[in-house]
Amino acid sequence: MARKKTSRKNLMFRICIFAFVAYAAVLLIELQVNLASRKQELVDLQEKYEVRRIANKELERQLQQGMDMEYIERIAREKLDYVAPDEKVYIDYSGS
């Protein structure tokens, strides 16, 4: 009878240890998957940051260039179709 109790306790102890090891393994795998996902998210965010940084530099360059009178005149001519006061504009309606 004593041998049966010891055997039963030993079996329960082994089952508990197995359950704990299985739980720890599942938890470790889950953490590894989560870590890989976060690393990919970090890479994506770094790429987005770099794209935004380059766009920001371009906007700063355009802002600095915008203070240039030649740039303002060029934009006024090209985008707004403005002309200088003493300029004559000829429009060709012939289509050729």
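Read-outs throughout are calculated quantities, based only on the coordinates presented, and are distinct from any laboratory measurement. The shown structure was predicted, so the numbers you read here are calculated from the model rather than taken from an experiment. Cβ: placed from backbone, ideal geometry, glycine included. Neighbour counts: every protein chain shown.
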Residue-averaged 222 nm ellipticity for the chain, from DSSP H runs of 4+ at -39500 (n - 2.57), nearest 500: -28500 deg cm²/dmol
Enter the angle in degrees (range 0 to 90, nearest 10) between the Cα long axis of helix 2-66 and the first principal axis of the Cα atoms of the chain, meaning the one along which they spread out most. 10 degrees
If you compute Rg/Rh (Cα atoms, Kirkwood Rh) for the structure shown, which of (i) 0.97; (ii) 1.72; (iii) 1.45 do you land on? (ii)
Would you count, across the chain, every pair of lysines whose alpha carbons are under 25 angstrom apart, provided the pair is eight or more residues apart or spans two chains? 4
At most 15 other Cβ atoms within 10 Å plus a DSSP loop assignment makes a site exposed; report the longest stretch of the chain without any exposed chymotrypsin sites (Phe, Trp or Tyr not before Pro). 1-81
Cleavage-rule hits, trypsin sites (Lys or Arg not before Pro), region 33-96, DSSP coil, Cβ neighbours within 10 Å at most 12: Lys79, Lys88
